[in-house]
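Below is one structure, written out as structure tokens; the observations come after it.
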Amino acid sequence: MTQEWSRHYPLTAGGRVELVNPDGPIEAVVGPAGSVDVAVVMDAGAVTEARAKEILTEFKIEESATAEHVRVATARTRGRR
């Protein structure tokens, strides 16, 4: 089961991007100046599709963005770690 999320943010020259994900790999690619695109793909595997969907609901994406700093983080809302 896969869940996708994406956002586009303006970012000033010298701005900072912070990506936090303790539960899997992060891939970052340099793009054109003046903005940042963030795409999150969350995958969950389980014995049943219903359980995979439930696992995905245990995570949320936290975002905060200004023209100088973009922060995107995944966080587990419940369930085991």
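The values are calculated or read from the model by the stated rules, or taken from the named source; none is laboratory data. What you see is a predicted model; the values in this text were computed from it and never measured. Please note: Cβ atoms are built from the backbone with ideal geometry, for glycine as well, and neighbour counts cover all protein chains shown. Calculation scope for accessible area: heavy atoms of the full protein, side chains included, ligands and nucleic acids excluded. Shrake-Rupley method; radii C 1.70, N 1.55, O 1.52, S 1.80 Å.
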Taking the solvent-accessible surface of protein heavy atoms with a 1.4 Å probe, what is the per residue accessible area of the chain in Å²?
71
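Could you look at the chain and say what percent of its accessible area is carbon and sulfur, using a 1.4 Å probe and all protein chains?
Carbon and sulfur: 52 percent of the exposed surface of the chain.
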Expected unfolding gain across GLU58-ALA73 under the 0.36 nm per residue rule, minus the alpha-carbon gap, is 4.0 nm
Coordinate range along principal axes, alpha carbons of the stretch 1-53, Å, largest first:
46, 18, 13
Could you report the accessible area of ARG7 in Å², rounded to 10, computed with a 1.4 Å probe on the protein chains as they sit in the structure?
100
Residue-averaged [θ]222 nm for the chain, counting only DSSP H segments that reach four residues, each worth -39500 (n - 2.57)
-3000 deg cm²/dmol
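Per-residue counts of other Cβ atoms within 10 Å, averaged by peptide: what ranking do you get for 32-39, 43-50, highest first? Walk me through the numbers on the way to the answer.
On the way: 32-39: 12.9, 43-50: 10.8.
Top of the packing list down: 32-39, 43-50.
Could you work out how much longer the chain between THR48 and THR66 gets when fully extended? Use 0.36 nm per residue separation minus the Cα distance between them, nm to one decimal. Before the final figure, lay out the partial values.
Numbers: separation 18, 0.36 × 18 = 6.48 nm, distance 4.01 nm.
Full extension of this stretch gives 2.5 nm more.
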Per-residue HN-Hα couplings for the stretch 50-65 [Karplus 6.51, -1.76, 1.60; θ = phi - 60°; Hz; x = Gly/Pro]:
4, 5, 4, 4, 4, 4, 4, 6, 7, 10, 9, 10, 9, 9, 9, 8
